[in-house]
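Report on the structure given below.
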Amino acid sequence: MYANGHVVAELMERLAPKRYAVENDRIGLQLGTLQKPVRKALIALDVTMEVVEEAIAEGAELIVAHHAIIFRPLAKIDTASPAGALYEKLIKHDIAVYISHTNLDVAEGGMNDWMADAVGIAAEGRVSLEKVHEDRLLKLAVYVPQTHADAVREAMWQAGGGALGSYDQCSFNTSGTGTFRPGAGSAPFLGTQGRLETVDEVRIEIVVPESLLRKTVKAMLAAHPYEETAYDVIRLEREGKSLGLGRSGRLERPLTLAELAERVKAAFDVPFVRVTGDLGTEVRKAAVLGGSGARYWRQAQFAGAQALITGDIDYHSAHDALAAGMLLIDPGHNAEKIMKAKVAQWLSARLSESRYATEVVPSAINTEPFRLA
């Protein structure tokens, strides 16, 4: 059985939830439909005419890409224009386009973590450069008959609730007496219609990140014996986990700037990088930001990084960073192509787990627009 487009999109949103995107970013379905089966999905950095031709040759019904093909509301679609011709070809061949952009950059285990892993930034102690999203903490409290308290508690823990820092399976439990009277048409787990009942109950309280609330409530309801379940969701003032753009942290081992530059070239399969600073400088802590990150060098320096690895560094930003003692390595915007194989691998695994026959392949097209001359 093949997954339809909605299943693929839902899986992508598990990896990179839409709420992680920066304001006004163009993400999600941009062209076509998600209501049809997808035998093959193509993962691309950019959707160019060459990539569309590749999708046609591969028999792909869906392209999952990082960079959007529609950036602003369209006044018209002129098929004689490059953009219009691209849309026309996609429509004629019934190929949908789904975009995962800054939400993939921000996501844990997404673009910036892949890039940080590739250049050797240790996972422990890794931080974001600019906060985009906070996974707010909530308190979930539910009233359960004592006979089922252990099962309900375990279900909520298994769904991800009850974690505080380095601790898990956290809860607070208060015993008390519950009362209820089943009405006409009810099918009570305990008691009889029309008669007031009392039961020994436990109020179980756990902390849940907002991102896991629906999953935790669903698990709680499935384990709960009552026909109508009483529970509260309370917003806490305590800050939750922050997610953002870029990553900064210590290198797995110190490298000279020259050595780090060589590692970047190999990691992102680029023929050269642009570098500022003394190539012999030892770098112990570095930052990375996929795409255009020239304006983030101050955040990287504030985070303790000695070098920032990012694309599209302009002349004046390079001078400002150099004067402030910040090292820069620019592998180009196209370094983000690392996402093609990573997304294809992740999505293939999730589809296989659900026993879908949908195939996912990374695009083989190099969309780097620049050439050395």
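Overview of results
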| read-out | value |
| --- | --- |
| Top-ranked residue of region 235-261 - restricted to ones that are of a type in the set (A, V, I, L, M, F, W, C) and at pLDDT 95 or above, ranked as farthest from the chain's Cα centre (by Cα) | 258 |
| Meets criteria (over 19 Å from the mean Cα position of the chain (by Cα), modelled with pLDDT of 95 or more, closer than 19 Å to residue 102 by Cβ and open to solvent by 10 Å² or more (accessible area, probe 1.4 Å)) for residue 320 | no |
| Unique match (being closer than 30 Å to residue 4 by Cα and surrounded by 13 or more Cβ atoms within 10 Å (Cβ to Cβ)) among 361, 275 | 361 |
| Within region 87-104, considering residues that are among the aliphatic types (A, V, I, L, M) and touching a residue at least 60 places away in the same chain (Cβ under 8 Å), the one most open to solvent (accessible area, probe 1.4 Å) | 91 |
| Residue that is surrounded by the most Cβ atoms within 10 Å (Cβ to Cβ), among those in region 341-358 that are out of contact with any helix residue (DSSP H, G or I) (no Cβ under 9 Å at 6 or more places or on another chain) and over 17 Å from residue 61 (Cα atoms) | 341 |
| Residue 47 being modelled with pLDDT of 95 or more, closer than 20 Å to residue 341 by Cα and either assigned to a loop (DSSP other than H, G, I, E, B) or open to solvent by 20 Å² or more (accessible area, probe 1.4 Å) (or both) | yes |
| Count of residues meeting criterion [surrounded by 14 or more Cβ atoms within 10 Å (Cβ to Cβ) and touching a strand residue (DSSP E or B) at 6+ places or on another chain (Cβ under 6 Å)] in region 221-232 | 2 |
| Some residue of region 142-151 being within 23 Å of the chain's Cα centre (by Cα) and of a type outside the set (A, V, I, L, M, F, W, C) | no |
| Residue within region 119-130 that is exposed (fewer than 13 other Cβ atoms within 10 Å of the Cβ), more than 30 Å from residue 292 (Cα to Cα) and either of a type in the set (A, V, I, L, M) or in contact with a helix residue (DSSP H, G or I) (Cβ under 9 Å, 6 or more places away or on another chain) (or both) present | no |
| Of the criteria (1) open to solvent by 20 Å² or more (accessible area, probe 1.4 Å); (2) free of Cβ contacts under 8 Å to residues at least 60 places away in the same chain; (3) part of a strand (DSSP E or B), which one residue 373 fails | (3) |
| Scope region 50-86; condition open to solvent by less than 70 Å² (accessible area, probe 1.4 Å) and assigned to a helix (DSSP H, G or I); matching residues | 51, 52, 54, 55, 56, 83, 84, 85, 86 |
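The values are calculated or read from the model by the stated rules, or taken from the named source; none is laboratory data. Here the structure is a predicted model, which means the values were calculated and not measured. Here the Cβ is made from the backbone with ideal geometry for all residues, glycine too, and neighbour counts use every protein chain on show. To get the accessible areas, we keep the full protein, side chains included, count just its heavy atoms, and leave off ligands, DNA and RNA. Shrake-Rupley method; radii C 1.70, N 1.55, O 1.52, S 1.80 Å.
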